[in-house]
Amino acid sequence: MSDKYNLDPTIHAEQQLQLRKTEQFLMPAQLPSSLANAGTYNIYPTAKIGSGKIFSGFESLADYISQSNAVIIDGYVGVFWDRIKDSLQSYFQEKGLNVNWIHTSDYFKHEHEIDQLISPFLGEHRSVWGTKTNLALADIFTENLFSQSVDKSFDLNIIIGSGAALSNWDAPIIYIDLPKNELQFRMRAGSIHNLGATAPDEPFQMYKRFYFVDWVILNNHKKDILHKISVFADAQWLDTINWMHQADLLAGLKHVSTSVFRVRPWFEPGAWGGQWMKEHISNLNTDVVNLAWSFELIVPENGIVFQSDDNLLEVSFDMLMFSNHENVLGRHAETFGFEFPIRFDFLDTFKGGNLSIQCHPRLKYIQENFGETITQDETYYILDCDEKASVYLGFQENIEPDTYRTALEKSQNTGQVLEIEDFVQVHSAKKHDLFLIPNGTVHSAGAGNLVLEISATPYIFTFKMYDWVRLDLDGKPRPINIEHAFNNLDFNRKGELVKDELISKPVVIEETSEYSLIHLPTHKEHFYDVHRLEFDDTIQINQDNTYHVLMLVEGTNVTVVTDDGTEQSFAYAETFVIPAATGGYRLINHGTQRAKVIKAFLK
């Protein structure tokens, strides 16, 4: 963490480590020229919204607040509310303002009562999963929050904390958000806790409660008050804050929803992680043992970064969907509502290990047990690999479920290595192969791959059956979920059927001397499909009122020119989205070789 742009200048590295546990850098509040995109993979992609739209610092925010007698400061879980209050208060004191601070945290129901309310949604204590809650944010507060009033004897009244807008004051609302990656880094450091809790819990318990309870009720609350918010602020930094007015935020989101964009990716190490991303992506902290995942486009945990002058401000992806989901999804908006149903992410096993042997839940199972609306149907697109790379997929023809389960349980109980290929097929992997993994299919990415997962959006429902008798990076065994797996495995996906139905067979749809349009058929259970566009110079694409998710998988750079004239360039391995409302676009190849672009879209 030595690079000067990675640490807030007034915050010591030791204090950063106490408040956020990660080796990855904090996004800078101002984008330095050294991080400007130079035609290679950019870890801080931005949507530019014009000059003078984003303000930086607590002093400017305090000046805005001091123009009113009453202000609501609402926001997300994980925000350091005391730091925000203290930073603002120092400016109010300089101005001689007498401030009445009201903290929403004083009006949570008793912790035991909240625990009882949320218990039905958290599953068994040691379980990895719960069920998405149907509670509302107001349910975890006492009635006293709703009766707080403005005291005119003070110069300024501020109600601050998650749920502040529930006070229904006739006052400007400032909403303070926090990116999901930074929330989890704070969670791992034990510097934050769940809504209504008084202390941190084990990280995996906190994440479960965040995912199934806190994020659900706070996202719904954010949607409800979106058009009442006067100011939106980004609180991922420790000694400063960036903010913008609602009109500029909504205009920025509207433009993004009719143009082309990238979300900000983030990166994580793991037990099986590899070295490809460390070796090929600039400006990452490479002082880590490996990198396993890139959250390229896992939108429940990604944000969109707006840029004005050099100031950056990140908003959660759901803000785009809450304000413009019809522009984004087009003819599929009625089906998926505010849910963005396709994800892209990297699994890096290059010079690494095998993923666990696993499967994902069937649709009815994920709906009834976990409260999701769609299930975790996946594909593996091989972006890069070594000569020994492989993918585990489907069962051997002679699979006996009872024998397989007995072997798994014995390995789990004794720590004995399992000859997994006695049960599961292994296939050699080559660049640009597409392996199909509909729900219920046994699978794993073997070592030596950089896998682009092109999948449905759900991403945490992985039922591990065998994890190669290894420990996680924290020295603990990872959870094994044999019972869940056997409730979902499809044992008919075995033998020759695997090669016939689960390894995509490319079909040329159109071809000239200058381009080819290749269909990589997905499984009948996938609700999305995949094309590969291969072209020398340019190619025109019509969207048919649906959105496209794309990545340059061979070549150096391409430029997207949308029908309204917007131009944006993307480098190799960058994920970008073209919303349905864009209508159509042209791709221009800037490389010396034929470009290959993967396009995923809804059927």
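Brief remarks on what is shown
- For beta carbons closer than 7 Å, sequence separation of 6+ or different chains, a first residue in segment 256-282 that is free of Cβ contacts under 8 Å to residues at least 60 places away in the same chain and a second that is among the hydroxyl-bearing types (Ser, Thr, Tyr), the qualifying pairs are Lys278/Thr286.
- Selection of first residues in segment 407-425 that are farther than 18 Å from His443 by Cα and of second residues that are surrounded by fewer than 14 Cβ atoms within 10 Å (Cβ to Cβ) and charged (D, E, K, R), restricted to Cβ pairs under 8 Å at least 6 apart or on distinct chains, gives the following pairs, ordered by first then second residue: Gln416/Lys410.
- Restricting segment 461-487 to residues that are surrounded by 13 or more Cβ atoms within 10 Å (Cβ to Cβ) and among the aliphatic types (A, V, I, L, M), the residue that is farthest from Glu409 (Cα to Cα): Leu473
- Extreme residue, surrounded by the most Cβ atoms within 10 Å (Cβ to Cβ), among residues of segment 220-255 that are of a type in the set (S, T, N, Q) and in contact with a Ser or Thr (Cβ under 8 Å, 6 or more places away or on another chain): Asn242
- Asn168 vs. criteria within 27 Å of Asp63 (Cα to Cα) and open to solvent by less than 10 Å² (accessible area, probe 1.4 Å): no
- Some residue of segment 34-57 being in contact with a helix residue (DSSP H, G or I) (Cβ under 6 Å, 6 or more places away or on another chain), part of a helix (DSSP H, G or I) and either loosely packed, with under 14 Cβ neighbours inside 10 Å or at pLDDT 95 or above (or both): no
- Answer from Ser323, Ser356 - the residue that is touching a residue at least 40 places away in the same chain (Cβ under 8 Å) and more than 23 Å from Gly303 (Cβ to Cβ): Ser356
- If the condition is being within 24 Å of the chain's Cα centre (by Cα) and either assigned to a loop (DSSP other than H, G, I, E, B) or free of Cβ contacts under 8 Å to residues at least 60 places away in the same chain (or both), then segment 448-479 contributes Thr457, Pro458, Tyr459, Ile460, Phe461, Thr462, Asp472, Leu473, Asp474, Arg478, Pro479.
- Qualifying residue in segment 197-208 (condition: basic (Lys, Arg) and open to solvent by 10 Å² or more (accessible area, probe 1.4 Å)): no
- Within segment 501-523, the set of residues being in a loop (DSSP other than H, G, I, E, B), without any contact (Cβ under 8 Å) to a residue 60 or more places away in the chain and among the β-branched types (Val, Ile, Thr) comprises Thr512 only.
- Residue in segment 571-588 that is touching a helix residue (DSSP H, G or I) at 6+ places or on another chain (Cβ under 9 Å) and acidic (Asp, Glu) present: no
- Identity of the residue in segment 567-589, touching a residue at least 60 places away in the same chain (Cβ under 8 Å) and in a loop (DSSP other than H, G, I, E, B), that ends up most open to solvent (accessible area, probe 1.4 Å): Tyr572
- Verdict on Phe108 being touching a residue at least 40 places away in the same chain (Cβ under 8 Å), crowded, with 20+ Cβ neighbours inside 10 Å and closer than 28 Å to Phe210 by Cβ: yes
- Trp129 hydrophobic (A, V, I, L, M, F, W, C), under 27 Å from Leu253 (Cβ atoms) and open to solvent by less than 60 Å² (accessible area, probe 1.4 Å): no
- Matching option when the condition is touching a His at 6+ places or on another chain (Cβ under 8 Å) and β-branched (Val, Ile, Thr), among Ile342, Ile357: Ile357
- Residue check for Gln89: part of a helix (DSSP H, G or I), surrounded by 15 or more Cβ atoms within 10 Å (Cβ to Cβ) and at pLDDT below 95: no
- Restricting attention to segment 244-267, the residues being small (Gly, Ala, Ser) and closer than 25 Å to Phe25 by Cβ number 1.
- So Ile420, is it under 30 Å from Gly123 (Cβ atoms), in contact with a Ser or Thr (Cβ under 7 Å, 6 or more places away or on another chain) and either open to solvent by less than 30 Å² (accessible area, probe 1.4 Å) or not β-branched (Val, Ile, Thr) (or both): no
- Only one of Phe154, Phe146 that is without any contact (Cβ under 8 Å) to a residue 40 or more places away in the chain and either open to solvent by 10 Å² or more (accessible area, probe 1.4 Å) or touching a helix residue (DSSP H, G or I) at 6+ places or on another chain (Cβ under 8 Å) (or both): Phe146
- Screening segment 277-394 for helices (runs of 4 or more DSSP H) wholly inside it with 3 or more residues that are open to solvent by 10 Å² or more (accessible area, probe 1.4 Å) and more than 29 Å from Lys48 (Cβ to Cβ) returns the ranges 363-370.
- Screening Gln246 on (1) over 21 Å from Arg343 (Cβ atoms); (2) modelled with pLDDT under 95; (3) of a type outside the set (D, E, K, R) shows it passes everything except condition (2).
The values are calculated or read from the model by the stated rules, or taken from the named source; none is laboratory data. It should be emphasised that the depicted structure is a prediction, and the values quoted were computed from it without experimental measurement. Positions of Cβ are backbone-derived with ideal geometry, glycine not excepted, and every protein chain shown enters the neighbour counts. When the accessible area is computed, the model is the full protein with side chains, heavy atoms only, and any ligands, DNA or RNA have been set aside. Shrake-Rupley method; radii C 1.70, N 1.55, O 1.52, S 1.80 Å.
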